[in-house]
Every structure is written in structure tokens, then in C-alpha cells.
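Working notes, structure below.
Each reported figure results from applying straightforward, stated rules to the coordinates on display, with no laboratory input. The structure presented is a predicted model; accordingly, all values stated were derived computationally and were not measured. Note that each Cβ is placed from the backbone with ideal geometry, even for glycine, and that neighbours are counted across all protein chains shown.
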Amino acid sequence: MNILQIFEQIKQNTDAVVSFQEDEGPTPSIYVRSDSVLSVMTYLKEEEALDFNVLMNHTGFHETESSKLFWHLFFDVSQDESEDHHHEEIRLFWHLYSYKVEHRVTIESSVPIGKAQMDSVVSLWKSANWLEREVYDLLGVTYPGHPDLRRIMLPPDWEGHPLRKDYVAPTSYHGIDNSPSALTKSFEPKGKSK
Amino acid sequence: MKTLYNKFESDNIVLTSLDHLVNLARANSMWYLLFSTACCGIELMQTGGPRGDLERFGSAPRAVPRTADLMLVAGTITLKMAERVKILYEQMAEPRYVISMGSCANSGGLFQSAYSVLDGVDRVIPVDIYLPGCPPRPEALLSALIDLQKKVKKEPYFRKKK
Amino acid sequence: MTSALKTEYLTINMGPQHPSTHGVIRFILKTDGEIIYECDPDVGYLHRGIEKIAESVTWQGFVPYTDRVDYVCAMNSNLSYCMAVEKLMGMETEIPKRAEYIRVIVSELNRISSHAVAIGAADMDMGAFTPFVHFLREREHINDLLEMACGARLTYNYICIGGVHNDLPPAFLSKTAEFLDHFEIVVEQINRLISYNQIFIKRFANVAVVPPKMAIDYNLVGPNLRGSGIKFDVRKDKPYSVYSDLDFDIPIGSGRAGTLGDCYDRYMVRVEEIRESIKIIRQCLKQIPAGETKAIVKSTIKPPKGHVYFRTETPRGDTGYFLYSDGKTSPTRLKIRTGSFTGMSIIPEIARGVFIADLVAIIGSLDIVAPELDR
């Protein structure tokens, strides 16, 4: 089943707000508004004809540009956002695959950076457990409903979420100095710190 | 040979300083701590393998720091790991030596700009030999070990340093 | 007497410096005597922030980093990344045929050497040191071959966006054919030496059984998935490069020593995959055409805006590269979903109720490489 058919299926059988996004690269994706992600995922997993039994990947990134304003034409998402981070949001991706039907789909959603919260899908796929922990660790998206949400890669007392674009790396950790050496600094372009 | 200072032809008598004799034994039984974190660990394994044969220099891998003389820091040290490295080093009995193997352990290497990587293991523990390369070839590691042996042989072991 | 005594769980730390955790991985074990009650893997001791670095280097400049993502099979990592970028740029059909064949040859050679380490390390963890040394000896031959092709022993940076950096030296193909003839015998020798050894089988059979349903639920990939009896290989089911022109089988676990999906099944899948790789390379050596080895690619590429999730089959299973391009000279987001990551996430589940010594068998059979897990 190709992604357009899957999209039609979702549209007909769930009341989720979805839209088809095909102009972004070789793999088109289905955009789902953040509050209906869990219901769409449940449908995708449990519908016999679709049967997406594998969550291959879940990731996201911090988008600072206003290019995402495109979505504001369709959905009223601006009211969720705090005023400080007006256009900033975290875009999340899920890549699903089915061993039975042998088809795949990319689901996309976004959450505002001031209120980075997404429904956990651990109840559907156990592989989501570590993937969501990683997104929480590196991007700071919290998942209510996750059984064990704590940092995975970085130590528990680490500050900040490194994959956010405004992250500044620490110069020391537990008393260990990690500021760039004079030699390193001499190679760096001017006005750029570690 | 330079190793034994004076040899009488008739009897089995050898004259040498005790320092020299002890250092000879120490240099040729440099047991290293099996501590490979990243890519260099594979080259360390290959050096320990049949072609490199690290054991012909008297270097045997040890799993426990307490029985090791040499710490081969093979690979990237992250900030999360840095404290562990220090603990491991402190567990080793003196005299102890450190070879920093590869660019990552020397200076952070390719991952210098990363937020979680320690820029050089010498920020945590003292290093005796720096071995460049990403990763160094087994021959380079052998050369580093020979250099360390030279260093060890010159050390005053019984005489206190001034 | 029993009423007066109280038992409690003992927390044991294993790693990060431990000879059999395959790199720096830490396990916090809650044990009931010799039996693990709860196992909590603490990963991230080698988290090098590769995904953040990717945001500040050029698209081509990231290729050396992929070497270090999975150094045991650097060629396969190179291939995964380069093919993902090519897909993003829509130039996957422009790659010269000779380059495709060279890519398959070198990555299959690397697969053999990676499986050799995996099998050897599993043997070593079970207390058999000799097979490991045998495999190190054989690995040197592969290292020599790859060094001949690109000049490096471990981190190759050979496959580039648009093809391969340079053509193979003239003697490479004949030397490879020689090596394959030699290695085919070695695999059988190693099997006789260790794989069919009763003590070894006793340690691996019926330990840490992963039923097919659990394997899918946890998204196990590669040999770990096939060890549970699921016949899925990206090379066969979603062929990329020239794999669709090649004839090979997908070995799957069958519970030959015990239960389907136990450690021994996963181990034997790797042994048999070595044979399949030999078969693939032999066909490539016959079919490789003459011609160009690199498509014309600009020195600084700017893939069009968009995202791609591309999967290839590396020795540790289906590795997915997620790339998001904003049309700039460096990726906006690059995420690597690796086989070790999913392999590790299943350990808390399957390590419950096994002996501490069996945890070592589990790690060995899942073939976990720390930097690929932590990135």
C-alpha cells in the first residue's frame, strides 16, 4: 500500500487532523497534529490491512526558521505557543514498517518548544521506549505516559538538551576542565565559541 | 651489550646496578589494562593478535587495574567516562604509566567540537606517551611501547628523585 | 531459622570497564544470588555527539565520521550514509555500475571481518580464547585487502557521495579471490573448533530466547532478527545498490541446538552469513564491469529541502540514516538508528532471570558495539 492510500485510510477512519506532505524530499510523509498522534498510531498498528508492527525510528529536530509557518495556514497551532519562542518548534518523525504487508510510512508532527510534550507510543511498540528516551535526552521532549523517562546518553545531572539549536556546550563537568585549548581556539573561525 | 655493564669471562659474575636490573625486568613485563573505548580498541586487539604480537614485548592484557602497570587509553573519552578513567588510574599500583593512543585520547581528535567529549585524556590523568593517528597502526603502537620501555629503563627506581 | 533470615537483592555494577561488555557499557544488576532479577543498561559512555557535529560539517565532510560510528564495519557505514545522501539528492541512478560493484565487494569484505570479530568475541566471552586469535589472524588479510583499495586499515573513508574515491588497484580482484578460497576453509575449521563444541553449545543453547513476536516488538534487526526465525534482510527484501542482481540466501535461525531465537541461533546466523558474503563477492568478481568509478558531484553539495530515511543492511542489521536538509551545505538533522541500539534495548527484558555469566553470552550473541550504540 503506498503512502497516499494509507493517508486516505487514516482520513476516512479516524477523526484526526492530518495532511499529506509530499514536497519534502524523496519520502513523503503524513502530518498529524500533535494531539491526535496516539490515536493515529493506534489505528495504524491495529488496522488489519495496514498492520504496522514495527516502529523503525523515532526522531526529531529543533526548527528555528519560520519556514514551518506553512502549517499555520492549515492549523491553528499558534495559540499553544508561548510568545518567547514564536516560530520555534520541535518536529518529530516516526518511521513505521510492516513485516507482513511490507510497506512503510513516515508520520510527522510538531510540538512548540515552550510546551514540548508528546504522547508516548510505548504501549504500542516496545522499541519506542529507548527511542523516546533518546529524544527526551537530546531534544527535551517529554512523553507523558512513558514508563521510565530519564536521560539515556548523557549523565543524569547534565544540563540542557544538546540537539536544540541554542545549546551551549559546558566548559567543565564535575570539576573536569573541558574548555577548548589555546591551540584549538586558534583554528576556530573568529567569533565562534565551543 | 649495554644491558649488563660488566661481565667477567671466567665466572658467572655480572656487575650491574640494581636499578638497571629491576628496570630491565619492569620494562619487559609491561602488563597493560584492557581498556579500549572506541576505534583504537580494535587496532589494539589486532596488535595483540598474531601479526602484531604484543606479548613478545612482555605485555599481557589485564582485566583488572590493580595488576596492571600500563594504561592504554585507546579511544575517545567522554565527560561521562572521564571520572571513571581517573578512578581506574588511581586503582593502579605505582609505578604506573599511561599511553594515550590515537587522536581522540590525545586531544579529542575528530570529536573535539562535540559537547560531550573530553579534549584529551591528559586533562584527567598524566600521560607518558602520546601516540598520534586515527587510529594508529599496530606498528605505531609497538613503537610507542618500545619508547615507553626506553623511558622506564632510564628511571631511577631505588634512588629517590631529587 | 528461615523466618529469622531475610534475603534482599544485591546491586552489582558491571562495567563500564569490563573485558566482556564490548566497549564501554555499564550494567546495573540487581541480583538474587547468582540470578539476575533486574538489569538496567547504562549506556552513553561513548556518546560523542556525532549527530550534533553533523550540523556543523559539510555533507561530504561527514563521511569520515560515519567510519567512526561503526568502526568494525566502516565501509558499510560509509555506504549507508552515502546512499542516503544520494537518495536525498535524487542521484541514485547516476552512480556508475563499476562503483556499485566495488561498493558491494568492499562492504561484503567488511561484513566478513565484522562477523569475524563478533563470532570471535562471543567465543572469547565464553572462555575460548583461541578462536578469537584465529579470527584476528584472518582479519589481517581483509585489512590488507582494504588497505590496498584505500590505504587505511580501519577507518576507510573510501565510499564517497557519487561512487568510490578511486578505482581498485589491478591486483585487488585476484587477491580477493585468493583470500575467499582460503577463508572458506577457515570458516569450516573454526566451526569444527568451536561452533560444534559441546561445551560452547551448552553455554549458548536455550539462553535468552527471543520469540519472533518479541523481536519485532523491540525492532531487532539484522542477524538478531533472523536468529528469531524471521526472514528479513534489507539486501533481499528492499534491495539497494546491485544486490538485486546477485543470488544469495538469507540464513535464519531454526532452533538447531535448543529453542528458536536463543543465543546459539543468533551466533550461527552470523557464521552462515559469512558464507553468503563469500558467495556474493565471488559473483561480484565475475560480474564487475569496467568503466568510471565516480559520478560527477560538486565539491560542495546542497541537497534540496526535504527528508529521507534510508535503510541498508550492515553487519549489525538494518541501519537507518534519517537526514533532513534545508538546502544548505550541512545537514539540519542527521540521525542514525543502529542495530546495536535496538539490540541493547531488549536486554532488560531477556536478561531477567538468567545467570550473571549468561549476561555475557547475551551481549556476545547480540553483537553490540558501543560507539554504534551511543554515537
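Annotations
- Computed from phi, the 3J(HN,Hα) profile of the range C:352-369 under the Karplus parametrisation 6.51, -1.76, 1.60 (θ = phi - 60°) reads 6, x, 9, 6, 4, 5, 6, 4, 5, 5, 5, 4, x, 6, 7, 6, 9, 10 Hz, with x in place of Gly and Pro.
- Violating pairs (Cα-Cα greater than 26 angstrom) within the set A:Lys100/C:Lys52; A:Lys11/A:Lys100; A:Lys115/C:Lys52; A:Lys185/C:Lys52; A:Lys100/C:Lys236: A:Lys100/C:Lys52
- Straight Cα distances below 12 angstrom link B:Lys151 to the aspartates and glutamates B:Asp128, with same-chain residues fewer than 8 positions distant left out.
- For the protein assembly as shown: Kirkwood Rh in Å [reciprocal of mean 1/r, alpha carbons]: 27.1
- Mean separation of Cα contacts under 8 Å, 6 or more apart, over the residue count of chain C: relative contact order %: 26
- Structure-based [θ]222 nm, chain B - -39500 (n - 2.57) summed over DSSP H runs of at least 4, per residue, nearest 500: -10500 deg cm²/dmol
- For C:Cys160, residues with placed amide H under 5 Å, excluding near neighbours: C:His165
- Separation between Cα centres of the range B:76-106 and the range C:223-289, rounded to whole Å: 40
- Relative contact order (percent, whole number), chain B, Cα cutoff 8 Å, 6+ residue spacing: 24
- The range B:128-160-the range C:153-219 distance, computed between alpha-carbon centres (Å): 34
- The label-point distance for A:Asp15 and C:Met214, in a model that sets each label 7 Å from Cα toward Cβ, rounds to 3.9 nm.
- Stretchable slack from C:Asn191 to C:Ala4, in nm (0.36 nm times residue separation minus alpha-carbon distance): 62.1 nm
- The relative contact order of the range C:1-117 comes to 15 percent, based on Cα pairs under 8 Å that sit 6 or more residues apart.
- Residues whose placed amide H lies under 5 Å from that of B:Ala60, excluding near-sequence neighbours: B:Trp31, B:Tyr32
- Shown is the FRET efficiency for B:Leu18 and A:Ser181, computed with R0 = 41 Å from the Cβ-Cβ distance and rounded to the nearest 0.05: 0.50.
- Here the simple spin-label model places points 7 Å from the Cα toward Cβ, and for B:Asp53 and B:Ile146 these points are separated by 1.5 nm.
- For the range A:8-19, 3J(HN,Hα) per residue [Karplus equation, 6.51 cos²θ - 1.76 cosθ + 1.60, θ = phi - 60°, Hz, x = Gly/Pro]: 4, 4, 4, 5, 6, 9, 10, 9, 6, 8, 10, 8
- Between amide H atoms placed 1.01 Å from N, distances below 5 Å from B:Glu155 occur with no residue 5 or more places distant or on a separate chain.
- Overall, the anisotropy analysis places the range B:85-144 in the oblate class: the square-rooted eigenvalues a ≥ b ≥ c of its C-alpha gyration tensor yield a/c not less than 1.5, with a/b not exceeding b/c.
- In order along the range B:132-137, phi translates into HN-Hα couplings of x, x, 9, x, x, 6 Hz, rounded to whole numbers, per the Karplus curve 6.51 cos²θ - 1.76 cosθ + 1.60 with θ = phi - 60° and x for Gly and Pro.
- Here r is the Cβ-Cβ distance between A:Val101 and C:Glu184 and R0 is 45 Å; the resulting FRET efficiency, rounded to 0.05, is 0.75.
- Taking label positions 7 Å along the Cα-Cβ direction at both B:Ala93 and C:Ala295, the computed distance is 6.2 nm, reported to one decimal.
- If you bin all the Cα-Cα distances of chain C at 20 Å, starting from zero, the percentages per bin are 29, 56, 13, 1, 0.
- Residue pairs exceeding 25 angstrom between C-alpha atoms, taken from C:Lys213/C:Lys238; A:Lys126/C:Lys335; C:Lys30/C:Lys335: C:Lys30/C:Lys335.
- Set of the range A:100-136 residues, backbone N closer than 19 Å to the point 7 Å along the Cα-Cβ line of A:Met1: A:100-108, A:124-125
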